[in-house]
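Chemist: Structure below; questions to follow.
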Amino acid sequence: MRDQFPAALKEAMKAGDKPRVAAVRLIEAALKSREIELRGEGRTIADSDVMAVLQKMVKSRRESLEIYVKAGREDLAAVERSEIAVIETFLPKALGAAEIDAAIREAIAAVGATGIKDMGKVVAALKAKFAGQMDLGAVSGKVKAALGA
């Protein structure tokens, strides 16, 4: 997954798409920073690390977007929206509500969950199979409800 960003940067530069160039450069910088952190731990960057960085970037920009909209700074909000759109092109397609519910039922059956004490196992199974396709923070509430808590 890490290898797609230099090619995307070249493509955006050739097309003269300045907002995309800027966003891809931000992604590259964030990934380089993460690679340095991981090197200190004796690891190399994996696809799961790349996805985590991208998700963190989107979350950060959504929070900034909300602040800019409340403050009436549409110029800054437009930049955040543009960066979010570019970053999301590199993430897997997010699952819809019905797909999330089906995934939760499938994960509950797969791990043999019987009650709330198995919530961690179910969330771990969802994280392993659907990384980057759902907000696990929001999904955990649905898992809790599905387990009867």
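Chemist: How large, in Å, is region 4-88 by the Kirkwood hydrodynamic radius built from its alpha-carbon pairs?
Modeler: Value: 13.8 Å, from the Cα pair sum.
Chemist: Taking a cut-off of 11 Å, what percent of all Cα-Cα pairs in region 97-146 are separated by more than that? Don't jump to the answer; show the numbers that get you there.
Modeler: On the way: 773 of 1225 pairs.
Cα-Cα pairs in region 97-146 separated by more than 11 Å: 63 percent.
Chemist: Helix by helix, which DSSP H runs in the chain go 24 Å or more along their axis at the Cα atoms and have an average Kyte-Doolittle hydropathy of -1.0 or more?
Modeler: Long hydrophobic helices here: 18-40, 47-70.
Chemist: While we're here: When we measure straight from the Cα of Lys127, which lysines land under 21 angstrom away, once same-chain ones fewer than 8 places off are left out?
Modeler: Candidates past the 8-residue exclusion: Lys56, Lys59, Lys93, Lys117, Lys142, Lys144.
Chemist: Right, something else. Using Cα pairs closer than 8 Å and at least 6 residues apart in sequence, work out the relative contact order for region 65-149, in percent.
Modeler: Normalised by residue count, the contact order of region 65-149 is 29 percent.
Chemist: Ala52 to Val69: extension gain in nm, 0.36 nm per residue of separation minus the Cα-Cα distance? Can you show the working numbers first?
Modeler: Working: separation 17, 0.36 × 17 = 6.12 nm, distance 2.57 nm.
Using 0.36 nm per residue and subtracting the Cα-Cα distance, I get 3.6 nm.
Chemist: Here's a follow-up. Say the dipole of the chain comes from +1 at the beta carbon of Lys and Arg and -1 at that of Asp and Glu; which of Val122, Gln55, Gln133 then lies farthest toward its positive end?
Modeler: Positive-most Cα among the choices belongs to Val122.
Chemist: Peptides 34-43, 11-20: what's the order by average Cβ count within 10 Å, highest mean first? Present the calculation step by step, with values, prior to reporting the outcome.
Modeler: Numbers: 34-43: 11.3, 11-20: 13.3.
Answer by packing, highest mean first, reads 11-20, 34-43.
Chemist: Here is a follow-up. In the chain, if every C-alpha pair distance is counted and binned at 10 Å from zero, what percent goes to each bin?
Modeler: 10, 31, 30, 22, 6, 0
Chemist: Which distance in Å, rounded to a whole number, links the C-alpha centroids of region 1-65 and region 90-149?
Modeler: 26
Chemist: Follow-up question, since we're still on this one. What are the aspartates and glutamates whose alpha-carbon lies under 20 Å from the alpha-carbon of Lys18, with same-chain residues fewer than 8 places away excluded?
Modeler: Glu28, Glu74, Asp75, Glu80, Glu83, Glu88
Read-outs: derived from the displayed coordinates by stated rules, not from any lab. As the structure is a prediction and not an experimental result, all values here were calculated from the model. All Cβ positions, glycine included, derive from the backbone under ideal geometry; neighbour counts span all protein chains shown.
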